[in-house]
1. Every residue in the range 81-96 that is in contact (Cβ under 8 Å) with a residue 60 or more places away in the chain and buried (at least 24 other Cβ atoms within 10 Å of the Cβ), please.
2. Within the range 112-119, can one find any residue that is within 16 Å of the ligand (Cβ to nearest atom) and hydroxyl-bearing (Ser, Thr, Tyr)?
3. Please verify whether Met151 is closer than 23 Å to Phe249 by Cα, crowded, with 20+ Cβ neighbours inside 10 Å and among the hydrophobic types (A, V, I, L, M, F, W, C), treating the condition exactly as stated.
4. Mind checking whether some residue in the range 162-172 is over 25 Å from Val191 (Cα atoms) and surrounded by fewer than 22 Cβ atoms within 10 Å (Cβ to Cβ)?
5. Please list, ordered by first then second residue, the pairs with beta carbon atoms under 7 Å, 6 or more apart or interchain, first in the range 160-181 and at pLDDT below 95, second among the basic types (Lys, Arg) and surrounded by 14 or more Cβ atoms within 10 Å (Cβ to Cβ).
6. So which of Leu208, Leu221, Leu281, Leu255 ends up being under 25 Å from Phe170 (Cα atoms) and aliphatic (A, V, I, L, M)?
7. What tally of residues in the range 231-257 results from selecting those that are closer than 21 Å to Glu283 by Cα and either away from the ligand (no atom under 16 Å from the Cβ) or not aromatic (Phe, Trp, Tyr) (or both)?
Amino acid sequence: MDEGTIGRTLAEWGEKPFRARQIAEAKRAGARTWDDVTTLSKPLRQRLAAVGPLWSVTPDERLTSRDGTVKWRLMLGDGRLVEAVLIAHAQGRRTLCVSSQVGCALACRFCATGSMGFGRDLDANEIVEQGLIARHAAEQDGARLSNVVFMGMGEPMQNLPAVLEACAAFHAEEGLGISARSIAISTAGWVPGIEALSRHPLPVRLALSLHAADDQTRGRLMPINARYPIANVLAACRRYCDRTGRRVFIEYLLLDGVNDSAADARNLAALLRDGRFHVNLIEYNPTDGGYVASPVGRRETFVNALANAGIDASVRRSRGADVDAACGQLAARGPSPGPSGPVGPRRT
Ligand code: SF4
């Protein structure tokens, strides 16, 4: 149940406002059901349970990779499935990759989520609860949830009001207390969303999934490029930089024989020459799309070409490959998310 519903329900029943805080604190401390919220009287717990479950999001499957990456398949109240991934770093830090939609309408060719079609938007509470689940897991591991990235299932810019509401809760001291600069919203290039984010007061980061340096290649990988070609998207990113003073992260999957040639590196460097971007070159976690990760040698040549051209770039290693940690791989093993598709778990 979301905080708004809880607050309204308690107010209608004449309960004190601090009861809502007690419930939020119990969720943060790991309470899974109303029975676990022992700061409330039993009759009040029973009354609330009759209204709805404590959580809107329930872990349906949890897998832990050899590299410490944790991946959840999560079931929503209507039985639909999404994913969240918790990535382990040095010094006890953890980054959570959250989902913002069930499935995705943008159909990027290399993405398991894109092959599922669009189901529905998540509401803010369904996004925030992914953070609560991850924070509890990190703390149980003696670690700290320090970063959140919207790089899970869905295009966050197509669900921006809920995403920004969730960002505010992640950032709030009484929420997860995460620095706004440690929250990143990633987009496939939805220009109206980039414009809206550039005017939003919360200083969250922007990441653009570019994945190609020319429209022809990008159009083959990402159908959204027909609507918002590279020049338009980068122009929107530059406006974001100008308005916010923040650089934009460019996400670039290196795909064998597709976008990883020396000419691709030169073209990418030419696009990003003005110093407002940092390039994250990403090792590809293969899905069923028929693409293969670039070999190590070509990846190094690509990185060096960018460095020689003065482009700030780093390589992001593939994490959790043994637990299907690429976006959508785990939920794709569940039922279709589409409006007419079945819902509910197939494998637990
Ligand atoms: S990469 Fe992102 S935007 Fe593209 S289909 Fe997958 S979830 Fe959607």
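1. Leu81, Val82, Glu83, Ala84, Val85
2. Yes, the range 112-119 has at least one match.
3. Numbers: closer than 23 Å to Phe249 by Cα: yes; crowded, with 20+ Cβ neighbours inside 10 Å: yes; among the hydrophobic types (A, V, I, L, M, F, W, C): yes.
In short, yes.
4. Initially, the range 162-172 is screened for residues over 25 Å from Val191 (Cα atoms), giving 172.
Among the residues that remain, those that are also surrounded by fewer than 22 Cβ atoms within 10 Å (Cβ to Cβ) are: 172.
Within the range 162-172, one or more residues are over 25 Å from Val191 (Cα atoms) and surrounded by fewer than 22 Cβ atoms within 10 Å (Cβ to Cβ).
5. Taking only residues 6 or more apart or on different chains, the pairs are Leu176/Arg135.
6. Working: Leu221 fails: under 25 Å from Phe170 (Cα atoms); Leu281 fails: under 25 Å from Phe170 (Cα atoms); Leu255 fails: under 25 Å from Phe170 (Cα atoms).
Unique residue meeting the criteria: Leu208.
7. Taking the range 231-257 first, the residues closer than 21 Å to Glu283 by Cα are 248-257.
Going one step further and asking which of them are either away from the ligand (no atom under 16 Å from the Cβ) or not aromatic (Phe, Trp, Tyr) (or both), we end up with 248, 250-251, 253-257.
Qualifying residue count for the region: 8.
Matching residues to (1) buried (at least 16 other Cβ atoms within 10 Å of the Cβ); (2) closer than 26 Å to Ile185 by Cβ:
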position: Asp242; (1), (2): no, yes
position: Tyr252; (1), (2): yes, yes
position: Leu255; (1), (2): yes, yes
position: Asp274; (1), (2): no, yes
position: Pro286; (1), (2): yes, yes
position: Ser294; (1), (2): yes, no
position: Asn304; (1), (2): no, no
position: Gly310; (1), (2): no, no
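The values are calculated or read from the model by the stated rules, or taken from the named source; none is laboratory data. Predicted, not measured: the structure shown is a model, and the values here were computed from it. No Cβ is skipped: glycine too gets one built from the backbone with ideal geometry, and neighbour counts run over all protein chains shown.
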